[in-house]
Ligand SMILES: Nc1ncnc2c1ncn2[C@@H]1O[C@H](COP(=O)(O)OP(=O)(O)OP(=O)(O)O)[C@@H](O)[C@H]1O
Ligand SMILES: [Mg+2]
């Protein structure tokens, strides 16, 4: 009898051990499946959203500055979105949230609905998918040739050499830089060329979200045209979402589908470009103007010239005035 009891007890112990081992095995498998390695690429980013972001520089000191004050905004996939606002309104701080360069004090940065700070060890992958050209891109240049500099991102992504080369050449074509520039030192380039090389370096990573902080500031009209054409082409060929910060309402009118207006660390309003530029009083309240050409047409309208409203670009204004002068398309 005692022998039987001992056998049953031993069997029960062995069974319990086997069950525990199986449970442990399942738990380990589940944990491994959920944990991606830092090198594993992220899925393509379709949606980008900031939820209730707060950010303060130098918190807890007399120099504390609240740069983002409960900012919530989302960006339509595949659109070119302009971020406008007076100086110091928080534009650069906002875009540095998107690739994890700055970490919010509170609130969430969502890519495809997932908080980028849920897995901080994967933040480098976020930086490959959300490419940021900083406001002062000269700070980003450090390789000895333009080619090496533009290849830096794709090389960090551990892509094959052949693909790195292809991407670098393609990116330089986007920004209209000739092949002979590739062997030069970035320090020997003109201001405009440096800016274009900086943009190419980020485009070469082929980010799903391309963010450009003042990409054309200080350039002549031709330099600006080249950069904006490159950005348009990049969007057209990749379907990427593009965010641009600029103080030029003319540039924003010509390239942006949507606008986000910042004012004192908050988003004042966001929406389609033509709807935003139809609200001059609102923009004036945020220290901004509507495009000069729109102001001019408005003055003409007030003097009785029958020009249409809602014209924000020079090209459309020329077409409108030609129409009025009887020289437009279809004029008899
Ligand atoms: N590194 C920093 N340390 C302390 N304060 C900062 C820092 N960077 C920005 N700020 C402050 O945070 C606020 C928002 O700055 P941010 O650079 O985001 O504005 P911005 O809209 O990009 O301005 P600009 O149009 O001049 O580029 C400003 O008051 C600015 O002085
Ligand atoms: Mg800025």
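Assorted remarks:
- Taking segment 175-189 as the range and being exposed (fewer than 15 other Cβ atoms within 10 Å of the Cβ) and outside any loop (DSSP other than H, G, I, E, B) as the test, the residues that pass are 179, 180, 187, 188.
- Every residue from segment 61-72 that is under 19 Å from the mean Cα position of the chain (by Cα) and more than 16 Å from ligand 2 (Cβ to nearest atom): 72
- Residues within segment 74-96 that are within 16 Å of ligand 2 (Cβ to nearest atom), within 26 Å of residue 124 (Cα to Cα) and surrounded by fewer than 17 Cβ atoms within 10 Å (Cβ to Cβ), tallied: 0
- Of all residues in segment 228-246, those satisfying the criterion of being out of contact with any helix residue (DSSP H, G or I) (no Cβ under 6 Å at 6 or more places or on another chain) and more than 21 Å from residue 96 (Cα to Cα) are 229, 232, 236, 237, 238, 239.
- In segment 73-93, the residues that are over 16 Å from residue 112 (Cβ atoms) reach residues that are near ligand 1 (Cβ under 8 Å from one of its atoms) and assigned to a helix (DSSP H, G or I) with C-beta atoms within less than 6 angstrom, at least six apart or across chains, in these pairs: 83/91; 85/91.
- Among the candidates 95, 109, 81, residue that is more than 11 Å from ligand 1 (Cβ to nearest atom) and closer than 21 Å to residue 251 by Cβ: 81
- Residue match in segment 41-52 (condition: within 13 Å of ligand 1 (Cβ to nearest atom) and either in contact with a strand residue (DSSP E or B) (Cβ under 7 Å, 6 or more places away or on another chain) or assigned to a loop (DSSP other than H, G, I, E, B) (or both)): no
- Among the candidates 293, 261, residue that is touching a residue at least 24 places away in the same chain (Cβ under 8 Å) and within 16 Å of residue 69 (Cα to Cα): 261
- Check on residue 66, more than 16 Å from ligand 1 (Cβ to nearest atom), in a strand (DSSP E or B) and out of contact with any helix residue (DSSP H, G or I) (no Cβ under 6 Å at 6 or more places or on another chain): no
- Strands (runs of 3 or more DSSP E) within segment 202-289 that include 2 or more residues more than 26 Å from residue 191 (Cβ to Cβ) and within 16 Å of ligand 2 (Cβ to nearest atom): 258-263, 266-272
- Tally, over segment 190-231, of residues that are touching a strand residue (DSSP E or B) at 6+ places or on another chain (Cβ under 8 Å) and either farther than 24 Å from residue 166 by Cα or surrounded by fewer than 20 Cβ atoms within 10 Å (Cβ to Cβ) (or both): 2
- Scanning segment 290-314 for residues that are assigned to a loop (DSSP other than H, G, I, E, B) and surrounded by 15 or more Cβ atoms within 10 Å (Cβ to Cβ) yields 290, 291, 307, 311, 312, 313.
- Scanning segment 21-60 for residues that are more than 24 Å from the chain's Cα centre (by Cα), modelled with pLDDT of 75 or more and surrounded by 10 or more Cβ atoms within 10 Å (Cβ to Cβ) gives a single hit, 59.
- Complete set of residues in segment 247-268 that are at pLDDT 95 or above and within 16 Å of ligand 1 (Cβ to nearest atom): 259, 260, 261, 262, 263, 264, 265, 266, 267, 268
- Test: residue in segment 121-135 that is without any contact (Cβ under 8 Å) to a residue 60 or more places away in the chain and exposed (fewer than 15 other Cβ atoms within 10 Å of the Cβ): no
The values are calculated or read from the model by the stated rules, or taken from the named source; none is laboratory data. None of the values given here were measured: they were computed from a predicted structure. For neighbour counting, all protein chains shown are included, and Cβ atoms are generated from backbone atoms with ideal geometry for every residue, glycine included.
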